[in-house]
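Heads up, the thing below is written out as structure tokens.
Throughout, read-outs are computed from the coordinates displayed, never taken from laboratory work. Just so you know, these numbers come straight off a predicted model, no measurement behind them. When we count neighbours, we look across all protein chains shown, and the Cβ atoms used for this are built from the backbone with ideal geometry, even at glycine.
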Amino acid sequence: MKGRVVLVTGANGGLGTYVTQAFLDAGATVVGTSRKIQQSDFKHSNFTAVPAEISTLEGARVLTRQVVSLFGKLDVLAHTVGGFAGGQSIVDTDDATFQRMFDLNLNSVFHILRATIPPLRQTRNGRIIAIGSRAALEPNAGMSTYSASKAAMVSLLKTVALENNDAGLTANVLLPGTMDTPANRKAIPNADVSKWVQPATVAELVVWLASDAGKDVNGSVIPVYGKDA
Ligand SMILES: NC(=O)c1ccc[n+]([C@@H]2O[C@H](COP(=O)([O-])OP(=O)(O)OC[C@H]3O[C@@H](n4cnc5c(N)ncnc54)[C@H](OP(=O)(O)O)[C@@H]3O)[C@@H](O)[C@H]2O)c1
């Protein structure tokens, strides 16, 4: 990955931390973004923190312009921003929850795609890897807005793959099951964590898809379900 410029969204999150570190370990130049990201989050000379709010198109565009002006190009977008809400039936789900799930899981990806696809096309070898969820394909009771927002996101990514094949740009989406993150350990204290997906495994797959070896994988929706498959 040496010489490749990678933008990781959600870089300080449970998964994004691993994705950022994996790209740094692979020799990439990494811009990590989130609202609260700090330069001190990764002690590596190839890491640059650029705080941004990507729930608006303008925020995503400002961020992308910053990356290109700092490093001259953008080769890879690894989009991990997302979030979960659940526990209520559709009847009991309020507008605010619906809006929050679609802002976090769908609108953010729509904005960052619109902002980054032009520079990614220019490299003629660009990569987009986005993190969906198993729930996109397998909705559970009480998770309607999460599942629906992730399903719509999968649809967007497949469209990106179709629209940008001509420029050597690939777009793929990974669907993890429950991951072994600090937030999940806190939220579900009695779970059998041995069944959870390791974020490091997901991160390695993200880096592989971004590498030269991954160039023929496009428009894929990849389950990463661990021992619960
Ligand atoms: N955890 C799981 O078990 C699991 C399972 C399946 C799928 N997933 C999916 O995997 C992805 C990563 O999950 P995770 O557990 O790592 O989530 P997480 O720890 O909550 O991280 C979310 C990240 O997104 C950033 N973020 C949130 N809103 C933002 C905004 N408006 N603009 C910019 N950055 C924003 C957060 O940082 P700031 O607060 O600093 O902005 C944080 O870095 C998500 O898409 C999630 O849906 C997770």
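Rounded to the nearest 20 debye, the dipole magnitude of region 89-229 is 280 debye, with +1 charges on Lys and Arg beta carbons, -1 on Asp and Glu beta carbons, and the Cα centre as origin. Electrostatic tally near A60: other residues with Cβ closer than 13 Å to its Cβ, Lys and Arg +1, Asp and Glu -1, net +1.
Sort I129, I117, I37 so that the residue with the fewest other Cβ atoms within 10 Å of its own Cβ comes first and the one with the most comes last. Could you put the intermediate results ahead of the total?
Values: I129 29, I117 21, I37 25.
Listing I129, I117, I37 from fewest to most nearby Cβ atoms yields I117, I37, I129.
Between N165 and E58, full extension at 0.36 nm per residue minus the direct alpha carbon distance yields a gain of 35.9 nm.
Could you list D75, D25 so that the one with the fewest beta carbons within 10 Å of its beta carbon is first and the one with the most is last? List each step's numbers first, then the result.
Working: D75 21, D25 14.
Ordered by Cβ neighbours within 10 Å, fewest first: D25, D75.
Run the numbers on the chain and let me know its relative contact order in percent, using alpha-carbon pairs under 8 Å that are six or more apart. Before the final figure, lay out each step's value.
On the way: 459 pairs, mean separation 45.3, N = 229.
So the answer I get is 20 percent.
Annotation: lysines with alpha-carbon distance below 18 angstrom to K158 (same-chain offsets under eight excluded): K150, K215. Both numbers refer to the Cα atoms of region 55-128; Rg and Dmax are 15.4, 49 Å.
Pick out, in residue order, every one of the trypsin sites (Lys or Arg not before Pro) in region 124-215 that is DSSP loop and has at most 16 other C-beta atoms within 10 Å; say none if there are none. For trypsin sites (Lys or Arg not before Pro) across region 124-215 that sit outside H, G, I, E and B with at most 16 neighbouring Cβ atoms in 10 Å, the list reads R124, K215. Projecting the Cα positions of S108, T123, A96 onto the charge dipole of region 39-152 (unit charges on Cβ atoms of Lys, Arg, Asp and Glu, taken about the Cα centre) puts T123 furthest along the positive direction.
Our note on the geometry: Cα centres of region 50-84 and region 113-157, 15 Å apart. Need one number: nm distance between label points at S220 and D25, each 7 Å from Cα along Cα→Cβ, rounded to one decimal. Here the modelled spin labels are 2.0 nm apart.
What does the net charge come to around R4 if you take all other residues with beta carbon closer than 11 Å to its beta carbon, with K and R at +1 and D and E at -1?
Values: positive: K2, K73, R127; negative: D75, D212.
Around R4, the charge tally is +1.
Counting other Cβ atoms within 10 Å as a rough exposure proxy, the listed residues T33, T181 run T181, T33 from fewest neighbours to most.
Hydrophobic long helices, here whole DSSP H runs in the chain with Kyte-Doolittle means of at least 0.0 and Cα atoms spread over 15 Å or more along the helix axis, are found at 57-71, 108-122, 144-164, 199-210. Using 1/(1 + (r/R0)^6) with R0 = 45 angstrom and r between the beta carbons of F71 and N190, what's the FRET efficiency to the nearest 0.05? Computed FRET efficiency for F71 and N190 comes out at 0.50. The shape of the chain can be summarised by an equivalent ellipsoid whose semi-axes, obtained from the alpha carbon gyration tensor, come to 27, 19, 18 Å from longest to shortest.
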